[in-house]
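One structure below.
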């Protein structure tokens, strides 16, 4: 499996697949895994991945992909060829604001993102979280209920008003169900 994208989602899915026994190669165009995070996190993750047999190709860009029998061959700009049965593309995401009628609520989304203040308020009675605020949400300014509850920007959610969250922890193979935060 070739995983195109070494951000959080690509790394998590790549590691999960590797732990299920799939041979995984992660290709990241930037200089390191987790480019939006601290360099120390990238170094640690690279060490863990090498120990788990996950091949990492950083500062690597796709030149082309070709079918070769029942497999595919990805050729990187440097000439490296990677062969796999599958390709997983996890190169990021952006908010899709078209057709939401934001202007009727006095919210400007013309830049492709919703402009928010320090409490993630976009307008009177309108807040934006997730991908919609774009750069307003980052590792230093997270936009999840858990981080807001702990006093990060956008705080002020009352206890007991967070959504029910169910997670499946594949590494420990146990289920947890409870309130976030």
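The values are calculated or read from the model by the stated rules, or taken from the named source; none is laboratory data. Note that the coordinates shown come from a computational prediction; the quantities given were computed from them, not determined experimentally. For neighbour counting, all protein chains shown are included, and Cβ atoms are generated from backbone atoms with ideal geometry for every residue, glycine included.
Taken together, 118, 69, 51 contain a single residue that is surrounded by fewer than 11 Cβ atoms within 10 Å (Cβ to Cβ) and modelled with pLDDT of 95 or more, which is 51.
Can you confirm whether residue 109 is surrounded by 10 or more Cβ atoms within 10 Å (Cβ to Cβ) and part of a loop (DSSP other than H, G, I, E, B)? Considered against the rule, which asks whether it is surrounded by 10 or more Cβ atoms within 10 Å (Cβ to Cβ) and part of a loop (DSSP other than H, G, I, E, B), residue 109 comes out as yes.
The one condition from (1) out of contact with any strand residue (DSSP E or B) (no Cβ under 9 Å at 6 or more places or on another chain); (2) loosely packed, with under 15 Cβ neighbours inside 10 Å that residue 75 does not meet is (1).
For the range 18-42, the set of residues classified as part of a helix (DSSP H, G or I) and closer than 17 Å to residue 57 by Cα consists of 18, 39, 41, 42, listed by residue number. Annotation note: of 141, 148, 176, 86, the sole residue that is surrounded by 10 or more Cβ atoms within 10 Å (Cβ to Cβ), within 30 Å of residue 22 (Cα to Cα) and at pLDDT below 80 is 176. Considering 59, 31, 12, 43, the condition of being closer than 19 Å to residue 91 by Cβ, out of contact with any helix residue (DSSP H, G or I) (no Cβ under 8 Å at 6 or more places or on another chain), free of Cβ contacts under 8 Å to residues at least 12 places away in the same chain and surrounded by fewer than 20 Cβ atoms within 10 Å (Cβ to Cβ) is satisfied by 12 alone.
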